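Each remark here refers to the structure printed beneath this line.
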Amino acid sequence: MFTYLNPEIRERLIRQGSLVRIDARGRVLDPRAQPSSSELALNVLGPIPLPIELAGISLRVDWYASVRSTELSEVESLAGTLRESGGQHLFSVLASSMAVNSVLVIGSPSEQASPLVRVHSSCLTGDVFGSRRCECGPQLASALHRISQDPAGGCLVYMAGHEGRGIGLWAKAATYLLQDAGEDTYQANRSLGLPDDSRDFSDAAALLQYFVGDRPMRLLTNNPKKIADLASAGLLSVEPVKHVIGVSEWNRRYLDAKRDWGHRIESEDLEDPGPS
Ligand SMILES: [Zn+2]
């Protein structure tokens, strides 16, 4: 049945506790059972030690990869069919359709009263290319730095399927062209017939409950909707911690639009950041 990962390796990972399955509340499930199509279940692989050097910050984290059990089992069964028909060269196409989220654990957040956490939406242009049209890159680096400096430690959940607030990289590229023709970031989504924000935070809520537990946590965010979405996914004791960084002449209009939309960003946060 499981042909994407060699079944023997998979079984070994389960036995040694490196591959677990959790439900929407972060509770541990049987990873060998057939996943239910109606209930959220996440397979989590790790810890994998990662030494990180990002924007001048050096730290060590434990990386966990997470994917929905239903998505993984679809890919696994399609991979079996492909293997039988000699189509191994298509494996990369199959695997690239899966949203594999990541958790970077810093310190021992499960033992702390109120760890610091961040749920970061993937942004290729900002996180990887260092684009300043948004502030995602500085937010990511600063979040890792702040968590590593916090006595309680914490974790960062990196949401792989959240590009362009959930519309995907292709549509996000189109919104950039619309923005350059005068629309703001939300108008541009609407012009394409797409929602302002279609991100789903249920995976993040499950992962935070698994890694932190039921205790309160502090979340690096300016976005009250993120707090509300996590609460509706069962994460109730989340205190927002302001996270404004990376303001530049290139993204001030973008941040203005976010503020008008409801983000907690003050006018003085957007004032001249000086040379950078
Ligand atoms: Zn971005």
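Here the stretch 31-47 is the region considered, the condition is being aliphatic (A, V, I, L, M) and under 17 Å from the mean Cα position of the chain (by Cα), and the residue that is surrounded by the most Cβ atoms within 10 Å (Cβ to Cβ) is L42. So which residues in the stretch 1-19 are touching a residue at least 12 places away in the same chain (Cβ under 8 Å) and either in contact with a Leu (Cβ under 8 Å, 6 or more places away or on another chain) or part of a loop (DSSP other than H, G, I, E, B) (or both), if there are any at all? Matches in the stretch 1-19: M1, F2, T3, Y4, L5, L13, S18, L19.
Can we say S110 is open to solvent by less than 30 Å² (accessible area, probe 1.4 Å) and touching a residue at least 12 places away in the same chain (Cβ under 8 Å)? Taking the combined requirement at face value, the residue does not satisfy it. For the criterion of being in contact (Cβ under 8 Å) with a residue 24 or more places away in the chain and in contact with a Leu (Cβ under 8 Å, 6 or more places away or on another chain), L59 passes. Restricting the stretch 130-152 to residues that are more than 10 Å from the ligand (Cβ to nearest atom) and of a type in the set (A, V, I, L, M, F, W, C), the residue that is surrounded by the most Cβ atoms within 10 Å (Cβ to Cβ) is I147.
Quick grid of which residues meet (1) surrounded by 16 or more Cβ atoms within 10 Å (Cβ to Cβ); (2) polar (S, T, N, Q); (3) in contact with a His (Cβ under 9 Å, 6 or more places away or on another chain):
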{"position": "V75", "(1), (2), (3)": "yes, no, no"}
{"position": "G86", "(1), (2), (3)": "no, no, no"}
{"position": "H89", "(1), (2), (3)": "no, no, no"}
{"position": "A95", "(1), (2), (3)": "no, no, no"}
{"position": "P115", "(1), (2), (3)": "yes, no, no"}
{"position": "S121", "(1), (2), (3)": "yes, yes, yes"}
{"position": "L124", "(1), (2), (3)": "no, no, no"}
{"position": "D127", "(1), (2), (3)": "yes, no, yes"}
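Evaluating A257 against the criteria (1) of a type in the set (A, V, I, L, M, F, W, C); (2) surrounded by 13 or more Cβ atoms within 10 Å (Cβ to Cβ); (3) not in a helix (DSSP H, G or I) leaves one unmet condition, (3). Where helices (runs of 4 or more DSSP H) sit wholly within the stretch 144-227, those with at least 3 residues that are among the hydroxyl-bearing types (S, T, Y), touching a residue at least 12 places away in the same chain (Cβ under 8 Å) and more than 28 Å from G46 (Cβ to Cβ) occupy 185-191. Candidates in the stretch 228-241 are the residues that are touching a residue at least 60 places away in the same chain (Cβ under 8 Å) and part of a loop (DSSP other than H, G, I, E, B); of these, the one that is surrounded by the most Cβ atoms within 10 Å (Cβ to Cβ) is A233.
The values are calculated or read from the model by the stated rules, or taken from the named source; none is laboratory data. On a predicted model such as this, the values are computed, not experimentally measured, just so you know. Neighbour counts run over all protein chains shown; Cβ positions are idealised from the backbone, glycine included. Quick note on the areas: whole protein, heavy atoms, side chains included, nothing else; ligands and nucleic acids left out. Shrake-Rupley method; radii C 1.70, N 1.55, O 1.52, S 1.80 Å.
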